[in-house]
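Enquirer: Starting off with a structure, shown below.
The values are calculated or read from the model by the stated rules, or taken from the named source; none is laboratory data. Treat the numbers as computed from the prediction; the structure is a model and nothing was measured. Note that we place each Cβ from the backbone using ideal geometry, even for glycine, and neighbour counts take in every protein chain shown.
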Amino acid sequence: MDARPYDTAFFGHPRGLSTLFFAEMWERFSFYGLRALLILFMTADRSTGGLGFDAVTAGAIYGLYTSMVYMATLPGGWIADQILGPQRAVLVGGVLITAGHFSMAVPSLTSFYVGLTLIVLGTGLLKGNVSVIVGRLYRPDDDRRDAGYSIFYMGINTGAFIAPFICGYLGQRVNWHAGFAAAGVGMLLGLTQYSMGRKYLGEAGLRPSDPGTPDGLRAQQRRAARWVGGAAAVFVAVGTAMYLGVLPIGAKDIADAAGVLLLTLSLGFFAWVFLSGGWTTVERNHLVVIGVLFLGYATFSAVFEQAGSTLNLFADRNTLNQVLGYAFPSSWFQSVNPLVVIAFAPVFAWLWVRLARTGREPGAPVKFGLSLIVVGAGFALLVPAAGLSGNGALVGPGWLTATYVLHTWAELALSPVGLSAMSKLAPARIGGLVMGVWFLGTSNGNYIGGRLSGLYESMPLPTLFGSVAAVAVAAGLIFLACSRTLNRLSRDTA
């Protein structure tokens, strides 16, 4: 029997939700603060304190970093389940993230790469597990759970909204490393708040998965620790060999290898699923839909996640960053997305409920199709703007702002729907694995989006933006054309 008390101390929700709300808010502050600056710092001239990388190298590193951040949630969740428990995993992750940002505050190429690595490892431990703890604050039959996640989601966007104003301003107007340090201060605040408020979490996520007995738990932790130790030893050995020049592999080579790894993992999962037996006809139909939605989500992410890469470069190099005579840092455009999310998330939630009551709510495939078309339209809108800026002129900020608004509307129509569809369609015995693979779609999209920014200096911008828009719109039209078939395959009867 569940003994958790019915706690209403935080706006009618458990007191522990406030601990997780602010911990995630500051973690997202640090993440989006860094993202607003990362590709700008890498491509900035050395005379201004940047790294002086070309767009190809910067795009490869950016795509590698953002894709690995999401991919790391898979081993991060496993470590929490087997060794630490979600609460301790979040704590360790926060420490690693803080150390990573402060490492990047040191003006050194080595500290830059070490910082990115620590942030990836820390986010892998924190990001997924903090969401797990939110769910465990509630009893299984508590109908406040969805509302609790909505409050938690607002914390994410609050941090993402504030970050570019502070980190972006410091990084672009004062010193790049001051911006990175500000992100570290934000994570340190979140870590301090989490440590002080952890007592309100109670037993939620306190322990790893229970194998049945104390001896069994210790054996489980020892086995898992050996795997983690072995992986860490290999990682350190390879990193040391690269640093000493014994292993002549550069950042671009690692990014290329990561792309192969992501593709192999994605293909390997679906090959294993479809080649293994034991599925009922309904389950196999559902797996087909999952595969199609995965492709759609990866395509969407590849377009949408260029916010921090290609579109960030367009804001910095081709946009007049000025409103009513006031000049602002180009990184401030990164706050448009979370602001629109905060403003329009309730509108979209109301819209789907209203349409559902009248029997006119579109299914997931139609929402995917429309979202892909809208996100493509955002890039299509920039085609004439890119043409106007081709002779060195700067276009007004309204072009990019309108693109971000369209992209956010598309995100609101697709992301929650995709998660919901996965939870409904995934066969029960691989439900958790399917959710993990869904986030692998985010990794694929981030990777592709980062690599596409490498074409910024080698391809005419109207051609680049037009090509991205065409692929997204074409994918959306295919989804709309196949929606009836996908809806039929999604049914719970063959």
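Enquirer: If residue 372 passes every condition in (1) on the phi > 0 side of the Ramachandran plot; (2) at pLDDT 90 or above but one, which one does it miss?
Expert: The number of the failed condition is (1).
Enquirer: Within the stretch 101-114, work out how many residues are in contact (Cβ under 8 Å) with a residue 60 or more places away in the chain and either under 18 Å from the mean Cα position of the chain (by Cα) or not in a helix (DSSP H, G or I) (or both).
Expert: Number of matching residues: 4.
Enquirer: Scan the stretch 163-176 and give yes if some residue there is among the basic types (Lys, Arg) and closer than 28 Å to residue 6 by Cα, otherwise no.
Expert: no
Enquirer: Out of all the residues in the stretch 386-407, which are small (Gly, Ala, Ser) and farther than 21 Å from residue 302 by Cα?
Expert: 387, 389, 390, 392, 393, 396, 398, listed by residue number.
Enquirer: For the stretch 244-331, give me every one of the helices (runs of 4 or more DSSP H) that falls completely inside it and has 1 or more residues that are exposed (fewer than 14 other Cβ atoms within 10 Å of the Cβ).
Expert: 251-275, 281-304
Enquirer: Next question. Please go through the stretch 227-264 and pick out each residue that is of a type in the set (D, E, K, R) and touching a residue at least 60 places away in the same chain (Cβ under 8 Å).
Expert: Hits for the stretch 227-264 are 252, 256.
Enquirer: Right, here's the next one. Given (1) within 17 Å of the chain's Cα centre (by Cα); (2) modelled with pLDDT of 95 or more; (3) more than 17 Å from residue 121 (Cα to Cα), where does residue 59 come up short, assuming only one miss?
Expert: (2)
Enquirer: Need at least 2 residues that are among the β-branched types (Val, Ile, Thr) and exposed (fewer than 15 other Cβ atoms within 10 Å of the Cβ) per element, so show me which helices (runs of 4 or more DSSP H) inside the stretch 381-494 make the cut, counting only ones lying wholly within it.
Expert: Those helices (runs of 4 or more DSSP H) span 461-489.
Enquirer: Modelled with pLDDT of 75 or more, part of a helix (DSSP H, G or I) and in the same structural domain as residue 92 (by TED's automatic domain parsing): which single residue out of 194, 138 fits that description?
Expert: On the way: 138 fails: part of a helix (DSSP H, G or I).
Step by step, each of 194, 138 is checked, and only 194 is modelled with pLDDT of 75 or more, part of a helix (DSSP H, G or I) and in the same structural domain as residue 92 (by TED's automatic domain parsing).
Enquirer: Exactly one of (1) within 29 Å of residue 20 (Cα to Cα); (2) of a type in the set (Gly, Ala, Ser); (3) assigned to a helix (DSSP H, G or I) is unmet by residue 231. Its number?
Expert: (1)
Enquirer: Tell me, which residue of the stretch 344-360 that is surrounded by fewer than 12 Cβ atoms within 10 Å (Cβ to Cβ) and assigned to a helix (DSSP H, G or I) is farthest from the chain's Cα centre (by Cα)?
Expert: That would be 357.
Enquirer: Please tell me if residue 358 is modelled with pLDDT of 85 or more and not assigned by TED's automatic domain parsing to the domain that holds residue 132.
Expert: no
Enquirer: Kindly indicate whether residue 111 is of a type in the set (S, T, N, Q), within 25 Å of residue 147 (Cα to Cα) and surrounded by fewer than 24 Cβ atoms within 10 Å (Cβ to Cβ).
Expert: No: the conditions fail for residue 111.
Enquirer: Do we have residue 169 as out of contact with any strand residue (DSSP E or B) (no Cβ under 7 Å at 6 or more places or on another chain) and modelled with pLDDT under 95 here?
Expert: Criteria not met by residue 169.
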